[in-house]
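Enquirer: If you scroll down you'll find the structure; I have some questions about it.
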Amino acid sequence: MNGTIDLLFWQLAAAYLFVLVLIVIVRMKGIPREKEIFIAAVRMTLQLILVGYLLVYVFGHAHPAYTLLLVAIMLAFSIRTVIKRAKGKLSFAMKRCIALSMTSGILVSLVYFIVIVLRLVPWYEPRYVIPIAGMIVGNSMTGVALGVNSLIEGMHGQKNKVEGALMLGATPRIAARDIVNQAFDAAMLPTINSMVGMGIVFLPGMMTGQILSGTSPIVAVEYQIAIMLGIVGSVSLSVILFVQLGYRTFFNRRSQLELQNIDKQKHRTAKAE
Amino acid sequence: MTLFRLKEVSAKGVLSIPELTIPANKVTCIVGESGSGKTTLLRLLNQLDSPDHGEIWFDQRPSNEIDPIEWRRHAVMVPQAPILFKGTIKDNLQIGLSFAGKPEASDEQLAEALRLVCLEKDLEQDAANLSGGEQQRLALARAIVMNPAALLLDEPTSALDEDTADMVMQRLTAFVRKRGMTVVMITHSRHIADTYADSVIEMKNGVPQGNGRDVQ
């Protein structure tokens, strides 16, 4: 046993060393991101260790309240992460819009997946619900975060075009249409790319994990296909809701473009959280 | 007849207008130094901004009684830096009508608008290849095609040489007088203000000097 633990320790140490090298390179190139990479690596470590112990407990004491609580915590953290990672200080309306679109997009997809696709009995079985929720929440979070930044950048960068359309009597919906579409594309691209490359460019994590733990590759593939469709559904739904609600927060009741809701200085320097 | 009326208007800390009226069916020029609030004033007339205080009337109705989008469709603004959209000259001319939910114009109408701004180009040409001055005229033609009650123009001839500017202004003013359109335009050119304006508003530090001095 000792040998295995040592090996594991050295493997992990090597992995951290890799990130350290990356930080050195980033610093040498003068890209101001080493602090973000460092904080992210530390956070990831602590969070995973904690979640490991938590899951051991929850799997041993399956109860609807625990499952719901964990899903709620994941959701809350993902919303918080999107808000924190946004380039710029978000308005209250924008934050509300992020929370609303992610909550509805993720919950609808998760419920559909558990009730209709997997037909889980009991529905709250944490061994299934927690990892699946994790994948759906994580991907939706990435999508919405990209959508938020693309929408903000679009509204700032193409301010003149939006106002040019308003001057001619366009509704805010029409004036922002291109930016909304670009934000949707930007948000969906990683998910679409990952679907296209799946199985050829890389083997997805969940499938790899199942195969490593002894499951037949066919069963693993079935699960992977199902979860991937669930992820696409959830990302699309969250992102569509977000961009459709989000662009409105840039316009006031007089259909005027209002960019004051975002601190421009902070937007430019895009500081770490 | 008054088309716009402003009363005790202040905006963005740059404008302070006790009272100002802008006549209908006339060409009104706004002149004044940079930073004197000319563009801010024009944006108020397009409802692109609202004043911090005070009230604006359009066609005898206060701003809160008119839907701002409807307002902009009747008082179309052309910014100083022309905004072009992807596509041909024709696409760019039609897009204003499409934004405003109006039916498309015929090719003859489009060609007439182009003649009016001295831009006799093929409708199918890509708009991205136009020079700065040509883009400015295309943006002006787009607003004319919409046939609004008022044209709000922010230095519409700033990118044109003097002769072309004169020619465009000559044709434009003749056209709007025939159609009974109102023009409110910012200009840096004394010559244009003196030659083509029915009245001139001179802005100084955000305050109009006098009220629409008539030009003889």
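Enquirer: Which net charge results when you count Lys and Arg as +1 and Asp and Glu as -1 among the other residues whose beta-carbon is under 15 Å from that of B:T164?
Expert: Computed value for this residue: -3.
Enquirer: Okay, moving on. Please give the calculated 222 nm ellipticity per residue for chain A, where each DSSP H segment of at least 4 residues contributes -39500 (n - 2.57) and the sum is spread over every residue; nearest 500 deg cm²/dmol?
Expert: Rounded to the nearest 500, the figure is -26000 deg cm²/dmol.
Enquirer: Still on this structure, please answer the following. If exposed means no more than 16 neighbouring beta carbons inside 10 Å and the site is in a DSSP loop, what's the longest run of chain B without any exposed GluC sites (Glu not before Pro)?
Expert: B:125-216
Enquirer: Could I ask something else about it? What is the set of long-range amide H partners of B:V78 at a cut-off below 5 Å, with H atoms built 1.01 Å from backbone N?
Expert: Residues meeting the amide H criterion: B:L152, B:L153, B:D154.
Enquirer: Tally Lys and Arg at +1 and Asp and Glu at -1 over the other residues with C-beta under 12 Å from the C-beta of A:A176: what net charge comes out? Each step should come with its number before you reach the end.
Expert: Details: positive: A:K159, A:K161, A:R173, A:R177, A:R248; negative: A:E163, A:D178.
Counting the neighbours of A:A176, the net charge comes to +3.
Enquirer: Continuing with the same structure: What's the ranking of A:46-55, A:113-122 by average number of surrounding C-beta atoms within 10 Å, highest first?
Expert: Ranking, from highest mean packing down: A:113-122, A:46-55.
Enquirer: Farthest toward the dipole's positive end in chain A, which of A:V201, A:F184, A:S216, given Cβ charges of +1 (Lys, Arg) and -1 (Asp, Glu) about the Cα centre?
Expert: A:F184
Enquirer: About its Cα centre, what dipole magnitude does chain B give when the only charges are +1 on Lys and Arg Cβ and -1 on Asp and Glu Cβ, stated in debye to the nearest 20?
Expert: Dipole magnitude for chain B comes out near 380 debye.
Enquirer: When Cβ neighbours within 10 Å are restricted to other protein chains, what is their mean count per residue of peptide A:158-166?
Expert: Working: counts 1, 0, 4, 3, 1, 7, 13, 6, 8.
Mean inter-chain Cβ contacts per residue within 10 Å come to 5.
Enquirer: What FRET efficiency comes out for the pair A:A15/B:D107, r = Cβ-Cβ distance, R0 = 45 Å, nearest 0.05?
Expert: Step by step, r from the Cβ atoms, then E = 0.10.
Enquirer: Also, quick follow-up: How large is the dipole of the protein assembly as shown about the Cα centre if only Lys and Arg carry +1 and Asp and Glu carry -1, each at its Cβ, rounded to the nearest 20 debye? Before the final figure, lay out each step's value.
Expert: Values: 48 positive and 42 negative charges, 290 e Å.
For this selection, approximately 1400 debye.
Enquirer: Based on Cβ point charges of +1 for Lys and Arg and -1 for Asp and Glu, what charge dipole magnitude is obtained for region A:1-61 about its Cα centre, in debye rounded to the nearest 20?
Expert: 280 debye
Enquirer: Which value in nm describes the separation of the simple spin-label points at A:V201 and A:L50, placed 7 Å from the Cα toward the beta carbon?
Expert: Going by the 7 Å Cα→Cβ label model, 3.3 nm.
Enquirer: What angle do you read, to the nearest 10 degrees and between 0 and 90, between the alpha-carbon axis of helix A:64-85 and the longest principal axis of chain A?
Expert: Tilt relative to chain A: about 50 degrees.
Enquirer: Within chain B, how many Lys pairs sit with Cα atoms under 29 Å apart, leaving out pairs fewer than 8 places apart on the same chain?
Expert: Lysine pairs satisfying the spacing and distance rule in chain B number 21.
Enquirer: Oh, and also: Where does helix A:34-60 land angle-wise versus the long Cα axis of chain A, in degrees 0 to 90, nearest 10?
Expert: For helix A:34-60, the angle is close to 50 degrees.
Enquirer: According to the square roots a ≥ b ≥ c of the eigenvalues of the Cα gyration tensor, what is the shape class of region B:148-207, taking rounded for a/c under 1.5, prolate for a/b larger than b/c otherwise, and oblate for the remainder?
Expert: Judged from the Cα gyration tensor, region B:148-207 comes out oblate (a/c at least 1.5, b/c at or above a/b).
Enquirer: Given region A:1-144, what count of lysine pairs have C-alpha atoms under 22 Å apart, with each pair 8 or more places apart or on different chains?
Expert: For region A:1-144, qualifying lysine pairs total 6.
Enquirer: For the residue pair A:Y128 and B:R61, what label-to-label distance in nm results when each label sits 7 Å from Cα along the Cα-to-beta-carbon direction?
Expert: Between A:Y128 and B:R61, the simple spin-label model gives 5.9 nm.
Enquirer: Taking the Cα centre of region A:129-264 as the origin and placing charges on Cβ (Lys, Arg +1; Asp, Glu -1), which of A:S255, A:A226, A:S150 is farthest toward the positive end of the dipole?
Expert: Towards the positive end, the residue furthest out is A:S255.
Enquirer: Give me A:S238, A:S150, B:S131 sorted ascending by neighbouring Cβ count inside 10 Å, so fewest comes first.
Expert: B:S131, A:S150, A:S238
Enquirer: So what's the gap between the Cα centers of region A:55-81 and region A:116-167, to the nearest angstrom?
Expert: About 19 Å separates the Cα centre of region A:55-81 from the one of region A:116-167.
Throughout, read-outs are computed from the coordinates displayed, never taken from laboratory work. Values in this document were obtained by computation on a predicted structure and should not be read as measured data. Please note: Cβ atoms are built from the backbone with ideal geometry, for glycine as well, and neighbour counts cover all protein chains shown.
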